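Following: one structure in structure tokens, then a few remarks.
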Amino acid sequence: MYAILDIETTGGKFNEEGITEIAIYKFDGHEIVDQFISLVNPEIAIQPFVVNLTGINSGMLKNAPKFHEIAKRIVEITSDCVLVAHNASFDNRILTTEFRRLGYEFNRKTLCTVELSKKLIPDLNSYKLGNLCKTLGIPLTGRHRADGDAIATVQLFKLLLNKDSYKEIVKEAALKENNRTLAPKLLSMIEELPSKTGVFYIHSSSNILYIGKGKSIKKAVNQLFLRTSKRAILLQTEVVSVSYEETGNQMIAELKYAEELKINQPKFNLSTTNKFTQISFSNANLVVVDKGRNIGEKSVVLIENNEVKGFCFTNLGHQLNNIEILRRMISPMENSMLNRAIIKQYLQKNNVEKLIRF
């Protein structure tokens, strides 16, 4: 579970700043499940340059709650969450300082979308939130206001989760959240899973043990936990948690499964050998558009110069029709015979929503 936030402050000397606005979106890795947005009366003056930057002035905050009046709500919504922010060290420092003034030790694990973006989307000229959103086609309204910046960070984080083929973000969250004893939780794990198409990950306390896929994630995991072979029973003994990623359609599930199996090499997955003849596509440059994970979203597979480049999700037309943006959004994958076969076979057996030739 993640608490994605943005904080606006008064400016001023280090560790003497006060909060003027805060926005927190509780995100379960798939959708927003709770939110808290509020102006805050800092009880100190706001620096003039900050007023010009944010548009927030002292008059707007006169009747706003003071920090101690919203502190309990912040603790509740961030409980058992990893804090995610663009330049997380700043937001975490501000929160920690405010709570320390109240005599409370606020301690949360953090993830920084600046650092994640540098790792997963390398070689950009700028990693400022506004520039990243422009590069990736993410809408950003209310720049330098907590709500606008926080919701844009949610969209950025969703994209980064999809790009994280090594599952380092999910592994970190699993270590944070799942230190409980094993039995009798297999049934409760299954109950929390969706009956939707996607890929799932079986975690131990430190590693991914198994990666699977299915048209129904819940059914596939249930079948795995019902197996009685020695290998299956050992897996069931070691499992600590199950995470998953919906993919919207079977093609993306197959591609994601194949790519992440190769990268992570979980010990309980059996190795297989795939033999395919040479596979070509109907057009050397192709964007395959099909249904995404929810209403309005599309999945996209990009093929350029007759090579598979990768896939992504988008719910914005200008992202879909801009090849430069798609190149930055996609989760790269090998132009392997297996990936080519997955796409070719899916196109032969299914009617996709759109094929864009360029």
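The values are calculated or read from the model by the stated rules, or taken from the named source; none is laboratory data. Given the structure is predicted, the values throughout are model-derived calculations rather than measurements. Heads up, the Cβs are rebuilt from the backbone with ideal geometry, glycines too, and the neighbour counts pull from every protein chain shown. We work out accessible area using only protein heavy atoms, side chains counted, and drop any ligands, DNA or RNA first. Shrake-Rupley method; radii C 1.70, N 1.55, O 1.52, S 1.80 Å.
Remark: the stretch 118-272 carries 48 Å² of accessible area per residue (probe radius 1.4 Å; ligands, DNA and RNA excluded). Projecting label points 7 angstrom from Cα along Cα→Cβ for residue 219 and residue 350 puts them 1.5 nm apart. Between the stretch 134-151 and the stretch 190-207, the C-alpha centres lie 31 angstrom from each other. What aspartates and glutamates could a cross-link reach from residue 134, if we take a straight Cα to Cα line under 12 Å and drop same-chain neighbours fewer than 8 places away? Hits, sequence-local ones excluded: 324. Net charge dipole, the chain: roughly 1160 debye, given to the nearest 20, about the Cα centre with Cβ charges of +1 for Lys and Arg and -1 for Asp and Glu.
Highest mean first, how do 213-220, 190-197 rank when packing is the count of other Cβ atoms within 10 Å averaged over residues? Spell out each step's value before the answer.
Working: 213-220: 18.6, 190-197: 15.0.
Going by the mean number of other Cβ atoms within 10 Å, highest first, we get 213-220, 190-197.
Computed 3J(HN,Hα) for the stretch 323-331, one whole-Hz value per residue from the Karplus formula 6.51 cos²θ - 1.76 cosθ + 1.60 where θ = phi - 60°, is 4, 4, 5, 4, 4, 7, 7, 5, 8, glycine and proline marked x. Excluding same-chain neighbours fewer than eight residues apart, the aspartates and glutamates reachable from residue 344 by a Cα-Cα span under 18 Å are 254, 259, 290, 304, 307, 334, 353.
Expressed in Å, the radius of gyration and Dmax of the Cα atoms of the stretch 202-305 are 16.5, 48.
For the stretch 117-156, what D do you get in µm² per second when you plug the Kirkwood radius from alpha-carbon pairs into Stokes-Einstein at 4 °C and 1.567 mPa s?
On the way: Rh = 10.3 Å.
For these conditions, the coefficient is 125 µm²/s.
For the residues 28, 149, 290, a GNM of the chain with alpha-carbon springs under 10 Å puts the largest fluctuation on 28. Computed over protein heavy atoms with a 1.4 Å probe, the carbon and sulfur contribution to the accessible area of the chain reaches 49%.
Where does each of 347-358, 48-59 land if you order them by average Cβ count within 10 Å, highest first?
Details: 347-358: 11.7, 48-59: 14.3.
Put in order of decreasing packing, that is 48-59, 347-358.
Pairs from the list 163/262; 196/298; 171/291; 219/349 with a Cα-Cα gap above 21 Å: 171/291; 219/349.
Apply the Kirkwood formula to the stretch 15-150: the hydrodynamic radius equals the inverse of the mean of 1/r over all pairs of different alpha-carbon atoms; give it in Å with one decimal.
Numbers: mean 1/r = 0.0618 Å⁻¹.
Radius from the Kirkwood sum: 16.2 Å.
When 1/r is averaged over all different Cα pairs and the result inverted, which Kirkwood radius in Å belongs to the chain? Walk me through the numbers on the way to the answer.
On the way: mean 1/r = 0.0450 Å⁻¹.
One over the average 1/r among Cα pairs gives 22.2 Å for the chain.
If you wrap the stretch 314-356's Cα atoms in a convex hull and average its projection over all directions, what's the area in nm²? Let's see the in-between values first.
Values: hull surface 14.7 nm².
Value for the stretch 314-356: 3.7 nm².
Around the amide H of residue 111, modelled in the peptide plane, lie the amide H atoms of 83, 84, 85, all under 5 Å away and 5 or more residues distant in sequence or on another chain. Partners of residue 26 within straight-line reach, counting lysines whose Cα lies under 16 Å from its Cα and excluding those fewer than 8 residues away in the same chain: 72, 109, 158, 176.
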